[in-house]
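Undergrad: Pasting in a structure now, in structure tokens, and then I'll have a few things to ask.
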Amino acid sequence: MGPVTELRELLGRPRRIAITTHQKPDADALGSSLGLYHYLTAKGHKVSVVTPTDYPDFLRWIPGSDIVIVGPADPERANWIFDGADIIFCLDFNALGRINEFGKSVKDSEAKKVMIDHHLEPEPFEDIAYVDMTASSTAELIYRLIVELGDEAMLTLPIAEALYAGIMTDTGSFRFTNTSPKVHRVVAHLMEIGVNVNAVYEHIFNTATLDRLRFTGYCLSNCLFVRDDLKTAYVKIEKEVFRQFNVRTGDTEGLVNYALSIKGVQLGVLITAQDDIVKLSFRSRNEVSSAELAKHFGGGGHFYAAGGKSQGPIEEVEKKLLEQIALYLASSDTVASSEPS
Ligand code: 5GP
Ligand code: MN
């Protein structure tokens, strides 16, 4: 039995459903979760959305975000929801480590676990997988699932807006290599349903604080390093800088793309010192695999976009990073010699 048939059966009567997504949810994580939330609620289920951490303010406009339970703000309630659920949908992640301490509650719950995701190299924990690594986004997969369940007519404006946000951001506003004709067809349909694409764009990209812009400027001037020999550029941000600019969740988003925008650079990395760990974000082009490099830091993701983390101090993580990049490039002659296209 394929996942769609299994899900159709499972959803055949009203269920208690929990939807969760990865830590520091981005627009795809939150958009796919809320799109699915609206759909399942309309189908008569009792649905909750729980995130393992907070999420950026620029996503609060997504319809339904007022119902999101931020796990760490109310862990008892979050665990109670996972514990009492019949079904837990796990969206936009494929390893329980990505939902922090809530991984245990999800694992221990007797609920059926459904993974809907598009990342490489899953660490299976689910009962049902609706997974396509070639999909642009988890939001695209939610759209596809609703259609395959025969419920295209149930695609309402709140669902369309939430899904559009995920597809737009995960494709880099339709510029990345995961932008296919199929993606544009889905988006055309979402626009027909009524999505105001300019309004979504404004919410996500034109709501910066002055602090955020100054922080970006500071990082580009003071924290950006280029290693021509490694075709790498990286932004390294110490804890002190975060304090200085009153940095909030989501403010570092997009910084790594500046590193990758330098001519000749094939790998961009963002290294940030957080409270107890150092977080790494990788972006790459051509033959360079971000996911491969992220593996050395307990992470993963997509070929051209991945993340990981490491115990500090940041200088040591930086050193290890540069060593790993050198080893990686040495093991792959084509990478070292190819020019960006
Ligand atoms: P970002 O750099 O924007 O945080 O993440 C880039 C991609 O890598 C996203 O698809 C994200 O889900 C994934 N990713 C980020 N951090 C981690 C991590 O620590 N582990 C894994 N497995 N994936 C990550
Ligand atoms: Mn995604």
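Undergrad: Compute the acute angle (0 to 90°) between the alpha-carbon long axis of helix 75-84 and the principal axis of greatest extent of the alpha-carbon atoms of the chain; round to the nearest 10°.
TA: 50
Undergrad: To the nearest 0.05, what FRET efficiency results for Trp80 and Ala42 with a Förster distance of 25 Å applied to their C-beta separation?
TA: Working: r = 24 Å, r/R0 = 0.97.
It comes to 0.55.
Undergrad: Which of rounded, prolate or oblate describes the range 43-162 when judged by the alpha-carbon gyration tensor and an a/c cut-off of 1.5?
TA: Working: a/c = 1.45, a/b = 1.17, b/c = 1.24.
Rounded, since a/c falls under 1.5.
Undergrad: Using Cα-only point scatterers and the Debye equation, what is log10 of I(q)/I(0) for the chain at each q in 0.12, 0.14, 0.15 Å⁻¹, rounded to two decimals?
TA: The Cα Debye sum returns log10 ratios of -0.87, -1.17, -1.32.
Undergrad: Hey, another quick one. If neighbour count is taken as other Cβ atoms inside 10 Å, put His38, His296 in order from fewest to most. If you can, show how the numbers build up before the last one.
TA: Working: His38 22, His296 17.
Listing His38, His296 from fewest to most nearby Cβ atoms yields His296, His38.
Undergrad: Near Lys320, which lysines are there with a Cα under 20 Å away, not counting those fewer than 8 places off in the same chain?
TA: Lys231, Lys236, Lys239, Lys279, Lys295, Lys309
Undergrad: Based on DSSP, what percent of beta bridges with both residues in the chain are antiparallel, to the nearest 5?
TA: Taking every DSSP beta bridge with both residues in the chain, the antiparallel ones total about 40 percent.
Undergrad: At 7 Å along the Cα-to-beta-carbon direction for both Arg185 and Asp57, put a label point, then send me their distance in nm to one decimal.
TA: Going by the 7 Å Cα→Cβ label model, 4.1 nm.
Undergrad: When the helix-only estimate is applied to the chain (DSSP H runs of n ≥ 4, each -39,500 (n - 2.57), divided by the residue count), what is the mean residue ellipticity at 222 nm, nearest 500 deg cm²/dmol? Provide the component values of the computation, followed by the final result.
TA: On the way: 14 runs with 141 residues, N = 341.
It lands at -12000 deg cm²/dmol.
Undergrad: In square nanometres, what is the average projected area of the Cα convex hull of the range 3-205?
TA: So the Cα hull casts an average projection of 10.1 nm².
Undergrad: Taking Cα atoms, how many degrees apart are the long axis of helix 181-193 and the longest axis of the chain, rounded to 10 and kept between 0 and 90?
TA: So the inclination is approximately 50 degrees.
Undergrad: Please work out how many pairs of lysine residues in the range 3-205 are eight or more positions apart (or on different chains) and have Cα atoms closer than 19 angstrom. Spell out each step's value before the answer.
TA: Details: Lys24/Lys104; Lys43/Lys112; Lys43/Lys113; Lys46/Lys112; Lys46/Lys113; Lys104/Lys112; Lys104/Lys113.
Eligible lysine pairs with Cα atoms under 19 Å apart amount to 7.
Undergrad: While we're looking at this one, here's another question. In the range 210-337, what is the volume of the convex hull around the alpha carbon atoms, normalised per residue and reported in Å³?
TA: Normalising the Cα hull of the range 210-337 by residue number yields 95 Å³.
Undergrad: Moving to a separate point now. Relative to the longest principal axis of the C-alpha atoms of the chain, give the angle of the C-alpha long axis of helix 27-42, reported between 0 and 90° and rounded to the nearest 10°.
TA: The two axes meet at around 0 degrees.
Undergrad: Calculate the length of the line joining the C-alpha centroid of the range 230-248 to that of the range 108-135, in whole Å.
TA: Cα centroid to Cα centroid, the span is 33 Å.
No value in this document is a laboratory result; all are computed from the given coordinates. All values reported here derive from a predicted model rather than from experimental measurement. Here Cβ is always computed from backbone atoms with ideal geometry, including for glycine, and neighbour counts include all displayed protein chains.
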